[in-house]
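Here is the structure we will look at, set down as structure tokens.
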Amino acid sequence: MRSIKEIYNSDPKLGEFLRFCIVGVISTALDAAIFYLVRLFASYQVALVSGYCLSLIVNYLLTIYWTFKKKPTTGNLVGVIAAHMFNLFVVRMSLMWIFVNVADIPDRIAYIPTLLISMVTNFLVVRFAVNKAEKIK
């Protein structure tokens, strides 16, 4: 039976995805903590933006240095921020609006499926943005 380290090292894309997941857990925990804290005194929209933007800083640094093993550049900074803004304002805000206003799910509960769905789109969009920035430089 192969060890986890052997499996991890055998496929660079798998390693990249696993590192992305770990960074995602850290960023998600920070995002969720801030969302639920800010939600105590502000609207879900303000809480969603607050948590997402603050966790973005941690996410960017870990994503660039550790997940994709790149150096920070203006190109990948712009690409990652653009990807995250797309994810926040198009994917997350739209899903939250649909869950809260159409499906009538309380925002504190709607946050959870919104978060899970946006994690998948976030990986795809950020990976594209980082790799695109590499090709441009």
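Structural remarks
- What the Cα atoms of the chain give is an Rg and a Dmax of 16.1, 52 Å.
- Among the lysines of the chain, pairs that are 8 or more positions apart or on different chains and have alpha carbons within less than 21 Å of each other number 16.
- With 10 Å bins from 0: P(r) over segment 83-131, alpha-carbon pairs, percent: 30, 48, 19, 4
- Of the accessible area of the chain, computed with a 1.4 Å probe over protein heavy atoms only, carbon and sulfur atoms account for 74 percent.
- With respect to the chain, whose longest principal axis is taken over its alpha-carbon atoms, helix 44-62 is tilted by about 10°.
- Between helix 12-38 and the chain: long-axis angle, C-alpha atoms, 0 to 90°, nearest 10: 20
- When only the Cβ of Lys, Arg, Asp and Glu is charged (+1, +1, -1, -1), the dipole of the chain relative to its Cα centre reaches about 540 debye.
The values are calculated or read from the model by the stated rules, or taken from the named source; none is laboratory data. If you're wondering where the values come from, they're calculated on a predicted model, not measured in any experiment. Because the Cβ atoms are built from the backbone with ideal geometry, glycine has one as well, and the counts that use them run over all protein chains shown. Accessible surface is based on the protein model in full, side chains and every heavy atom, while ligands, DNA and RNA are left aside. Shrake-Rupley method; radii C 1.70, N 1.55, O 1.52, S 1.80 Å.
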